[in-house]
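Chemist: Below is a structure I'd like to ask you about.
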Amino acid sequence: MSDATPASESDFLAVMAEVCSPVTVVTSIEDGQPRGSTVSSFASLSLRPPMVVVALGESSKLLAGLRRTRRFGVNILASDQDGVARRFAGRGGDKFRDVSWTETDGLPRLHDAIGWIVCRVDAFVAGGDHVLVPGVVERAVAEPGAPLAYHRRTYGTHSESVRPVR
């Protein structure tokens, strides 16, 4: 274990604001009640087997529910869904009110999202004030469209590269 002093929170937040992040809404259903939160800490983890990972705050109601249900959905938001991202980023209230969704694969699937991933929880891994939740992908559906991204504390979308990625 290192004796190095961690970076200040303000320095860390400043550098992380420079990272372009995907914007997703992670969902679950518990006792017939839909739950969801905006999550930008989302990434592909493995191809064999297909896995993703999300990071949820350790005091999150969604995390508490996932510990019981062991399943979650990842809705990858489209570039015009910033209002949905803001709604699900808030605390309390009925986040699903006035949001178009259906129950698909036993989980809340938001309409117009450009991606839908159904996961079975593989583990819960403590990481500071968050918990990493790797999930084995049971279903993955891609829809055409531009993704919503978060950069410099602002929602937007990515622009195509000047040079093709090879």
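Chemist: Is it the case that Ser28 is in contact (Cβ under 8 Å) with a residue 60 or more places away in the chain, surrounded by 14 or more Cβ atoms within 10 Å (Cβ to Cβ) and over 21 Å from Pro147 (Cα atoms)? Write out each step before concluding.
Modeler: Numbers: in contact (Cβ under 8 Å) with a residue 60 or more places away in the chain: yes; surrounded by 14 or more Cβ atoms within 10 Å (Cβ to Cβ): yes; over 21 Å from Pro147 (Cα atoms): yes.
It is true that Ser28 is in contact (Cβ under 8 Å) with a residue 60 or more places away in the chain, surrounded by 14 or more Cβ atoms within 10 Å (Cβ to Cβ) and over 21 Å from Pro147 (Cα atoms).
Chemist: Can I ask one more? Do we find a residue being under 25 Å from Thr102 (Cβ atoms) and in a helix (DSSP H, G or I) anywhere in region 10-27? Spell out the reasoning first.
Modeler: Residues of region 10-27 that are under 25 Å from Thr102 (Cβ atoms), as a first pass: 22-27.
Filter once more, so that each one left must be in a helix (DSSP H, G or I): none.
No, region 10-27 contains no residue that is under 25 Å from Thr102 (Cβ atoms) and in a helix (DSSP H, G or I).
For (1) among the basic types (Lys, Arg); (2) farther than 16 Å from Ile29 by Cα, each residue gets a yes or a no:
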site	(1), (2)
Pro49	no, yes
Leu63	no, no
Arg71	yes, no
Arg87	yes, yes
Val99	no, no
Glu103	no, no
Pro108	no, no
His111	no, yes
Gly127	no, yes
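Chemist: What is the residue count in region 61-85 for residues that are over 13 Å from the mean Cα position of the chain (by Cα) and either farther than 18 Å from Ala140 by Cα or acidic (Asp, Glu) (or both)?
Modeler: Residues in region 61-85 being over 13 Å from the mean Cα position of the chain (by Cα) and either farther than 18 Å from Ala140 by Cα or acidic (Asp, Glu) (or both): 12 in total.
No value in this document is a laboratory result; all are computed from the given coordinates. Keep in mind that what you see is a predicted model, and the values were worked out from it rather than measured. All Cβ positions, glycine included, derive from the backbone under ideal geometry; neighbour counts span all protein chains shown.
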